[in-house]
Amino acid sequence: MRNWKVDPRLLCTCRFLGSWRELWTLIGTLRNGISIKRYIEKGLIEVHNVQEQYETLLEESRRRGYQFKRRMSVEDIFVIQRYLTSNPVEMWGSIDEGRNLTELRRRAENDSCKYNPLKGDNNAV
């Protein structure tokens, strides 16, 4: 699981769709009570920003012409809130956006995705 925490307009199609999938994987992991400690320690997720990430990805999906059917439910929000209220702030996660942007640029060099704004070979944003 990984949340890039960069402007989703900068994500190639593969990473954008992966972010949507991983968002729901995180919610399912929390719902099932599976530990996310390693993802937190590695700076890959921020639980306190899941709802914001959802809204940002949903907005970008509309801009790209996707029609995702899955919507965040009250139960999903409850699962996130339950995690946040039962864990100390240190376990909410922290992501280094600059490091992730550098990593995305590195990956863009060998990316086979048709649409990749970080390659500079198409007009994005």
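Of the numbered criteria (1) free of Cβ contacts under 8 Å to residues at least 60 places away in the same chain; (2) under 15 Å from MET1 (Cα atoms); (3) surrounded by 12 or more Cβ atoms within 10 Å (Cβ to Cβ), the one LEU58 fails is (2). Scanning the range 80-105 for residues that are within 18 Å of the chain's Cα centre (by Cα), of a type in the set (D, E, K, R) and part of a helix (DSSP H, G or I), which turns out farthest from ASN32 (Cα to Cα)? Step by step, filter the range 80-105, then rank; the result is ARG105. Inside the range 63-74, can you point out the residues that are exposed (fewer than 11 other Cβ atoms within 10 Å of the Cβ) and of a type outside the set (A, V, I, L, M)? Matches in the range 63-74: ARG63, GLY65, GLN67, LYS69, ARG71, SER73. Please work out which residue is farthest from ILE40 (Cα to Cα), limiting yourself to the range 56-74 and to residues that are among the charged types (D, E, K, R) and outside any helix (DSSP H, G or I). Checking each candidate, the answer is LYS69.
Considering ILE77, ILE45, ILE27, the condition of being surrounded by 18 or more Cβ atoms within 10 Å (Cβ to Cβ) and in a helix (DSSP H, G or I) is satisfied by ILE27 alone.
Rule-based calculations on the coordinates, nothing more; no lab input. Since the structure is predicted, the reported quantities are computational estimates derived from the model, not experimental observations. Here Cβ is always computed from backbone atoms with ideal geometry, including for glycine, and neighbour counts include all displayed protein chains.
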